[in-house]
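As structure tokens, the structure follows; a few thoughts come after it.
The values are calculated or read from the model by the stated rules, or taken from the named source; none is laboratory data. The model shown is predicted, which means the values in this text are computed figures rather than measured ones. Glycine gets a Cβ as well: all are built from the backbone with ideal geometry, and neighbour counts include every protein chain shown.
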């Protein structure tokens, strides 16, 4: 009788175990992905989202993507909405590094892991952070400027004060430029910060500096959108090509400017690699298989956060074909369209 009871008990446990295992196998992982529409002013983000969603689908996961209206204030209710969508993990591109802290804590308190994408969330113990080495981005910007303009006056334009990456890039820029300034090889005549990643704001602030002086040899721009604003100012002053300009993100316009000679370099960040890896990490986190990070970062939460790091790549005119074109980030026809047009005009003139 005892043996029969034990057999029945064991059978029930086995049945429950098998049922739980089957339920886990049948469950489709739901990834919530939050971003603010303001973020999409930058060219690259549509590529990030597309690659992420495709890779998640390949892994058998479903992505619930939501793009809030405006900035971080609009992103907060959007993330609260995610709580009603039965998500297993939240991936978020924070529009503000600190403002989302409260709503992110609510997500974490529900036992839902949070993966911060490209930009970190500060002050809360998120599950992980995946991005590029932003300090290295700054070093690459500064090195390229020094190569193009080893002497003269420098202007440093920094990114959004609400984005921690801006401060990391700034540290990298100063790490390279400060020793040269101390040797009096260059002079940092001005440094400005932006409230947001805004072309118009950059246009206004850079324009104000050039109204005071045009004696500037180089401008470090935090991305290619801001570099576009700087080049607009230079165009108005008839100085395009006379001032070394660098940026990051490998926007199409920036790549065109580089082969044309009006921009020195852009820092290419292999977005496909980052987005695919983020999707893989998200699925692993849901399955309690958290991968070992390259390093840990201090996000002022009292706990070191796992930081999954990808490396940026500098791209000047010489590397355009072997990196940007070969990687399929932009087509050769698109990058060289203006030069091809100029060549065609010249050929017609010579005939």
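Data table
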| quantity | calculated |
| --- | --- |
| Residue among 273, 288 that alone is touching a residue at least 24 places away in the same chain (Cβ under 8 Å) and either under 26 Å from residue 221 (Cα atoms) or not in a helix (DSSP H, G or I) (or both) | 273 |
| Options 217, 229: the member that is touching a strand residue (DSSP E or B) at 6+ places or on another chain (Cβ under 7 Å) and within 20 Å of residue 265 (Cα to Cα) | 217 |
| Hits in region 304-328 - residues which are more than 18 Å from residue 134 (Cβ to Cβ) and either at pLDDT 95 or above or more than 27 Å from the chain's Cα centre (by Cα) (or both) | 316, 317, 318, 319, 320, 321, 322, 323, 324, 325, 326 |
| Qualifying positions in region 291-335 - over 21 Å from residue 258 (Cα atoms) and outside any loop (DSSP other than H, G, I, E, B) | 295, 296, 297, 298, 304, 305, 306, 307, 308, 309, 310 |
| Test result for residue 281, buried (at least 20 other Cβ atoms within 10 Å of the Cβ) and in the same structural domain as residue 29 (by TED's automatic domain parsing) | yes |
| Condition met for residue 94 (outside the structural domain of residue 328 (by TED's automatic domain parsing), under 27 Å from residue 268 (Cβ atoms) and out of contact with any helix residue (DSSP H, G or I) (no Cβ under 6 Å at 6 or more places or on another chain)) | yes |
| Sole exception among (1) touching a strand residue (DSSP E or B) at 6+ places or on another chain (Cβ under 8 Å); (2) outside any helix (DSSP H, G or I); (3) without any contact (Cβ under 8 Å) to a residue 12 or more places away in the chain for residue 77, by number | (2) |
| Output for region 196-213, where each listed residue is surrounded by fewer than 13 Cβ atoms within 10 Å (Cβ to Cβ) and either in contact with a helix residue (DSSP H, G or I) (Cβ under 6 Å, 6 or more places away or on another chain) or outside the structural domain of residue 149 (by TED's automatic domain parsing) (or both) | none |
| Test: residue in region 236-252 that is modelled with pLDDT of 95 or more, under 29 Å from residue 187 (Cβ atoms) and part of a helix (DSSP H, G or I) | yes |
| Test: residue in region 28-35 that is surrounded by fewer than 13 Cβ atoms within 10 Å (Cβ to Cβ) and modelled with pLDDT under 90 | no |
| Positions within region 141-163 being on the phi < 0 side of the Ramachandran plot and in a strand (DSSP E or B), in sequence order | 153, 154, 155, 156, 157, 158, 159, 160 |
| Matching entry among 144, 235 (being over 28 Å from residue 49 (Cα atoms) and buried (at least 22 other Cβ atoms within 10 Å of the Cβ)) | 144 |
